[in-house]
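The values are calculated or read from the model by the stated rules, or taken from the named source; none is laboratory data. What you are looking at is a predicted structure, and each value in this text was computed from that prediction instead of being measured. Methodologically, a virtual Cβ is constructed for each residue, glycine included, from the backbone with ideal geometry; neighbour enumeration extends over all protein chains shown.
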């Protein structure tokens, strides 16, 4: 009987775990977005701007890995909804930055409080040791995926 090599077994294990996990995260993201007035794509834009304070259309395009036209359309809709506002970059007047309006900032902060409640519900049934293992696993996954994303982006630029 031919036995698969360890790397091949690990790829199979990752596949069996990753795909169902992605479905669960997609459903969780849907639940999180239901707490807002935004589509999932708009929510991603809003949260990026929230985390960075302000972003140019080029920054958003790169962060979301989308076309310039798609980023422009989303920005325009969010401006119409009064979620974002334009401001000129003080360091380079040729660049327009987008920031949250005060009302949308308040909504996002309330929303983040609701999200923390969801996280609390996920963690509550777990023991302290299980919580620690879960959080360490998430931090490791995030670190690995961020490294892979940076490598992929640098290879695309070549």
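General remarks:
- Residue identified as at pLDDT below 95 and exposed (fewer than 12 other Cβ atoms within 10 Å of the Cβ) among 142, 123: 142
- Yes/no for residue 62 being surrounded by fewer than 16 Cβ atoms within 10 Å (Cβ to Cβ), closer than 22 Å to residue 150 by Cα and touching a helix residue (DSSP H, G or I) at 6+ places or on another chain (Cβ under 6 Å): no
- Filter result for residue 98 (surrounded by 10 or more Cβ atoms within 10 Å (Cβ to Cβ) and assigned by TED's automatic domain parsing to the domain that holds residue 77): yes
Yes/no per residue for (1) over 19 Å from residue 108 (Cβ atoms); (2) touching a strand residue (DSSP E or B) at 6+ places or on another chain (Cβ under 6 Å):
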| site | (1), (2) |
| --- | --- |
| 13 | yes, no |
| 19 | yes, no |
| 39 | no, no |
| 49 | no, yes |
| 53 | no, no |
| 60 | no, no |
| 63 | no, no |
| 70 | yes, no |
| 90 | yes, no |
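- When 22, 55 are checked against the criterion of being in contact (Cβ under 8 Å) with a residue 12 or more places away in the chain and either surrounded by 11 or more Cβ atoms within 10 Å (Cβ to Cβ) or within 23 Å of residue 142 (Cα to Cα) (or both), a single residue qualifies: 55.
- Residues that are closer than 15 Å to residue 38 by Cα number at least 1 in the following helices (runs of 4 or more DSSP H) confined to the range 49-138: 68-80, 102-123.
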